[in-house]
Structure formats: structure tokens, C-alpha cells
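One structure is given here, and the rest of the page talks about it.
The values are calculated or read from the model by the stated rules, or taken from the named source; none is laboratory data. Just so we're clear, the structure is a prediction, and the values are computed from it rather than from any experiment. Every residue, glycine among them, receives a Cβ derived from its backbone with ideal geometry; neighbour counts consider all protein chains shown.
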Amino acid sequence: MVQMSVTNGLLYVVTKYAHLYLCDVETATCLCSITLSSHIIFTTAVNTLTGGLMCVNTAGQVVFTSLSYVFN
């Protein structure tokens, strides 16, 4: 499943087996990849308030992801 966050300019690619690939929209460069859950993900949606992602897995768990910015 592919979701796009317009506010952050990011592309969220979530695989069936709960791997998240965070990519830059302009260059399609993969910025990071993580495993969200040990269960299969069957639906995703962009959280418009945080610019993050909400996922639901087959165990009924709702997984939230969001970015935190650190400015020096």
C-alpha cells in the first residue's frame, strides 16, 4: 500500500508483511525502512493531523507512525 503525506513531501510504502519504507517524493530515495508489526497489515491511511500513518493489522491492532523533527 502506498500513501503520500503532502505536508511532509513523503511517500509511505507499507508491504503486506508490515515493512514500512519511507521515501522522498521528489527523488524517490528511500530514507529509512522498519518493521511495524509481526502481523500482516491489511489497511493504511494517512493521519492528516500529524502527517503520519495509521495501519491496522490482522490482530486488530492500530499502529500509528509519525515523524518528530529536531532542529538545532
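Scanning segment 40-49 for residues that are surrounded by fewer than 16 Cβ atoms within 10 Å (Cβ to Cβ) and either in contact with a Lys or Arg (Cβ under 9 Å, 6 or more places away or on another chain) or of a type in the set (Lys, Arg) (or both) gives Ile40, Phe42.
Taking the stated definitions as given, is Ser37 at pLDDT 90 or above, of a type in the set (Gly, Ala, Ser) and not in a loop (DSSP other than H, G, I, E, B)? So Ser37 does not fit the description; no.
Of the residues screened, Thr7 is not one that is part of a loop (DSSP other than H, G, I, E, B), free of Cβ contacts under 8 Å to residues at least 24 places away in the same chain and of a type outside the set (Phe, Trp, Tyr).
Considering segment 8-39, the residues that are loosely packed, with under 12 Cβ neighbours inside 10 Å and of a type in the set (Ser, Thr, Tyr) include one that is farthest from Ser68 (Cα to Cα), namely Ser38. Scanning segment 50-62 for residues that are under 12 Å from the mean Cα position of the chain (by Cα), crowded, with 17+ Cβ neighbours inside 10 Å and modelled with pLDDT of 90 or more gives a single hit, Cys55. For the criterion of being surrounded by 10 or more Cβ atoms within 10 Å (Cβ to Cβ) and more than 18 Å from Tyr17 (Cβ to Cβ), Val70 fails.
When Leu31, Leu49, Leu22 are screened for being outside any strand (DSSP E or B) and of a type in the set (A, V, I, L, M), only Leu49 passes. Taking first residues from segment 31-46 that are farther than 14 Å from Tyr17 by Cβ and partners that are of a type in the set (Ser, Thr, Tyr) and assigned to a strand (DSSP E or B), the Cβ contacts under 7 Å between residues at least 6 apart in sequence or on separate chains come to Val46/Ser5.
What are the residues in segment 11-43 that are closer than 14 Å to Met1 by Cβ and in contact with a Leu (Cβ under 6 Å, 6 or more places away or on another chain), if any?
Tyr12, Val14, Ala18, Leu20, Leu22, Cys23, Leu36
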